[in-house]
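Notes follow once the structure below has been shown.
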Amino acid sequence: MSDVETGADIGRGNRPLSPHLQVYKPQITSVMSAFHRITGVGNSIGAALVAWWFIAAATGEGAFGFIDGFLTSWFGHLVLLGFTFSLCYHLCNGIRHLLWDAGYGFELDQVKTTGLVALAAAGLMALGLFFVGWMN
C-alpha cells in the first residue's frame, strides 16, 4: 500500500497530532473546565446516593438504618460536604458560563476574577448549607 492509499501525511514527520498536556501549563479556564466535568460526575454519584437513601426509607427500617448510619457517620458527613460543594461549584460555574453565553466576561482579567469568585462563592455556599443542615 502506498502512503496516498493509507492517508499518511509524509510532511508531518514525527510531530504529535495536537498539543498535549505537557505542552501547556494549566490556566484557570482549563482547570475550572476540568473541575466542572469532575463535579458533574460527582453530582451523578451524589444523586444516586440520595436516591438510595429515599428508596431505603421506603423499603424498610433495616435498609434505611444502614444508609442513614453511613450518612450520619464522620465519613458520611465528609461525603455529603463534598456533594454539597460539588452542587454549589457546578451552579456557580454554570452561572459564569451563562454570562459568557451572553457575551460578558471574556477579558483576561475578568476570566480570572470570575473564576476565583465562582470558586469562593461555591466554597462559602457549601459550608453555609452544610452547617445549616448539620445544626438542624
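The values are calculated or read from the model by the stated rules, or taken from the named source; none is laboratory data. Because the structure is predicted, anything quoted here is derived from the model rather than measured. Note: ideal-geometry Cβ built from the backbone for every residue, glycine included; neighbour counts use all protein chains shown.
Counting only residues that are within 10 Å of the chain's Cα centre (by Cα) and of a type outside the set (A, V, I, L, M, F, W, C), region 71-91 holds 3 of them.
Listed here are the residues, each with its yes/no results for (1) surrounded by fewer than 14 Cβ atoms within 10 Å (Cβ to Cβ); (2) touching a strand residue (DSSP E or B) at 6+ places or on another chain (Cβ under 8 Å); (3) farther than 13 Å from Thr39 by Cβ.
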position: Gly62; (1), (2), (3): yes, no, yes
position: Ile67; (1), (2), (3): no, no, yes
position: His77; (1), (2), (3): no, no, yes
position: Leu80; (1), (2), (3): no, no, yes
position: Cys92; (1), (2), (3): no, no, no
position: Tyr104; (1), (2), (3): yes, no, yes
position: Thr113; (1), (2), (3): yes, no, yes
position: Leu127; (1), (2), (3): no, no, yes
position: Asn136; (1), (2), (3): yes, no, yes
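Can you tell me which residue among Gly69, Gly46, Gly11 is out of contact with any His (no Cβ under 7 Å at 6 or more places or on another chain), farther than 30 Å from Val117 by Cα, modelled with pLDDT of 85 or more and not acidic (Asp, Glu)? Exactly one of Gly69, Gly46, Gly11 is out of contact with any His (no Cβ under 7 Å at 6 or more places or on another chain), farther than 30 Å from Val117 by Cα, modelled with pLDDT of 85 or more and not acidic (Asp, Glu), namely Gly69. Screening Ala120, Ala47 for residues that are under 14 Å from the mean Cα position of the chain (by Cα) and exposed (fewer than 13 other Cβ atoms within 10 Å of the Cβ) leaves exactly one candidate, Ala47. The set of residues from region 92-109 being in a helix (DSSP H, G or I) and over 10 Å from the mean Cα position of the chain (by Cα) comprises Cys92, Gly94, Ile95, Arg96, His97, Leu98, Leu99, Trp100, Asp101, Leu108, Asp109.
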